[in-house]
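Heads up: the structure comes next, in structure tokens.
The values are calculated or read from the model by the stated rules, or taken from the named source; none is laboratory data. Please read these numbers as outputs of a predicted model, since none were measured by experiment. Glycine also receives a Cβ, built like all others from the backbone with ideal geometry; neighbour counts cover every protein chain displayed.
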Amino acid sequence: MVTQSAVVGVFLVALALVLTPGPNMMYLVSRSITQGRRAGVISLGGVAVGFLIYLTATNLGLSAIFTEVPQLYLALRIAGAAYLGWLAFNALRPGGPAVFAPAAMAPDSPRRLFTMGMMTNLLNPKIAVLYLSLIPQFVRPADGHVLLQGFVLGGVQIAVALTGNLLILLAAGTIAAFFAHRPGWLRVQRYLMGTVLGVLAVKIATDQARPVGG
């Protein structure tokens, strides 16, 4: 029902995005460095709930619309490719964000950490585009149940995002100290991720697959 190429595609997109500095990473790293790893993990729990809300809302809506309006596939593909291209440009341009040098933040309660993690994710434009434009294009109505495909592929994305962010926040202090003395490595990270995102953008833009059989 869900093809291997679709799983690999979502995995690569999710991995590239989780390694690209954004609101989620900024918040989680900031909390981990300023308030400890436990605060980072609690915040990540809120981020996970935000992912689930997006996944459920998107799939329930697209399960009906996607099959009724196949032209939407083209619009989503173009939007997704354009957004990945924009992220690639920001990663490659001089003066990109230094995620492991966040500003100091006042300590928060566990409840606030969780809530802020969830709201940071829900208000993150990168995640909105991910669920509305990127993941849906790997769903193929001709391959079977659209809703199930959406949840399976969304589950792959969530697993990659949570695992990647957990490893980053647990190692945030060590990574920040490493990059503080080796600014050249920050440029390597940005160039690598920018290249990956650029390649994915081109692949998506030139993909000739159709959302329905034929």
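May I ask you to list the residues in region 142-168 that are in a helix (DSSP H, G or I) and at pLDDT below 85? Can you show your working first?
Kept after step one, since they are in a helix (DSSP H, G or I), are these residues of region 142-168: 142-143, 146-168.
Within region 142-168, Ala142, Asp143, Val146, Leu147 qualify.
State whether the residues of region 10-26 include one that is touching an Asp or Glu at 6+ places or on another chain (Cβ under 9 Å), in a helix (DSSP H, G or I) and of a type outside the set (Val, Ile, Thr).
So in region 10-26, the residues touching an Asp or Glu at 6+ places or on another chain (Cβ under 9 Å) come out as none.
Scanning region 10-26 turns up no residue that is touching an Asp or Glu at 6+ places or on another chain (Cβ under 9 Å), in a helix (DSSP H, G or I) and of a type outside the set (Val, Ile, Thr).
Might you check whether a residue that is surrounded by fewer than 17 Cβ atoms within 10 Å (Cβ to Cβ) and either free of Cβ contacts under 8 Å to residues at least 40 places away in the same chain or among the basic types (Lys, Arg) (or both) occurs anywhere in region 160-169?
Yes: one or more hits.
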